[in-house]
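The values are calculated or read from the model by the stated rules, or taken from the named source; none is laboratory data. Note that this is a predicted model, so its numbers are computed, not measured. Using ideal geometry, Cβ is built from the backbone for each residue, glycine included, and neighbour counts are taken over all protein chains shown. Only protein heavy atoms, including side chains, enter the accessible area calculation; ligands, DNA and RNA are left aside. Shrake-Rupley method; radii C 1.70, N 1.55, O 1.52, S 1.80 Å.
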Amino acid sequence: YRLVAVQGYPGTGNNIANAAFWPLYPMSMRGLSRVTGLPEEVSGYLISNVCFAVAIVLLYQLVRLDFDTPIARRTIWAIAIFPTSLFFTAVYTESMFLMLSVAALLCARVRKWWFAGLLGALAALTRSHGIFLIIPFAVLWVKQNGFYLRAAIPKGLAVIMPLLGPIAFGAYLQYAQGNWRNFIEVQAMWNRTSALPWKTFQCAT
């Protein structure tokens, strides 16, 4: 991510491989580094830890919508002390993605749909998995408003706003690298390939 923060998404040579990494996190590292003068990797650590702290607070509020305080507390303790939670404090996208996803779902639950859609789009600019927020968005929308088409215009368009993430990134890659599909096609340069779900278990044995 430091490499992307420094180089951006150049369109020549092997540097096009940077397109495998989605832009919101490394560009936030670049922005904070330029404002504060800190190295990009230090900026990354600060962003990750602040995002994780905010995510914990938002997750507590989200769980409290349906459960009591002890359950909400156990939830945040569980995610904080889980062994792989170390990635939330490292220079990775996990903490920012968690914060934006939880914030988007929280906004959707309290019917602030435009905020939910915007946060969902930002989550999808952080990790490609963000587009799947459309699924819980759709469920929550139907639960709140039913299947009435009239109720879905215009506010219901927020449900599909996570699609704006890959659309915006693809549009930028088309401009910078001449191929909007590079965020898919360069994955092999990082030894990432598609595989059937059980292939993971075969590789682990």
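Going through (1) in a helix (DSSP H, G or I); (2) touching a helix residue (DSSP H, G or I) at 6+ places or on another chain (Cβ under 6 Å); (3) closer than 27 Å to I167 by Cβ one by one, M27 falls short only on (2).
The set of residues in segment 175-189 that are open to solvent by less than 100 Å² (accessible area, probe 1.4 Å) and either of a type in the set (A, V, I, L, M, F, W, C) or not in a loop (DSSP other than H, G, I, E, B) (or both) comprises A176, Q177, N182, F183, I184, E185, V186, Q187, A188, M189.
Quick one: how many residues across segment 138-171 are among the aromatic types (F, W, Y) and within 21 Å of F97 (Cα to Cα)? Outline the logic, then answer.
Within segment 138-171, the first condition is being among the aromatic types (F, W, Y), and the residues that meet it are 141, 147-148, 169.
Among the residues that remain, those that are also within 21 Å of F97 (Cα to Cα) are: 169.
Final tally of qualifying residues: 1.
Can I134 be described as under 21 Å from the mean Cα position of the chain (by Cα), modelled with pLDDT of 95 or more and not in a loop (DSSP other than H, G, I, E, B)? Yes, satisfied. Of the numbered criteria (1) open to solvent by 40 Å² or more (accessible area, probe 1.4 Å); (2) in contact (Cβ under 8 Å) with a residue 40 or more places away in the chain; (3) under 17 Å from L32 (Cβ atoms), the one A53 fails is (2).
Filtering segment 103-125 for residues that are in a helix (DSSP H, G or I), under 26 Å from R2 (Cβ atoms) and in contact with a Lys or Arg (Cβ under 9 Å, 6 or more places away or on another chain) leaves an empty set. Considering Y60, Y92, the condition of being outside any helix (DSSP H, G or I) and surrounded by 13 or more Cβ atoms within 10 Å (Cβ to Cβ) is satisfied by Y92 alone.
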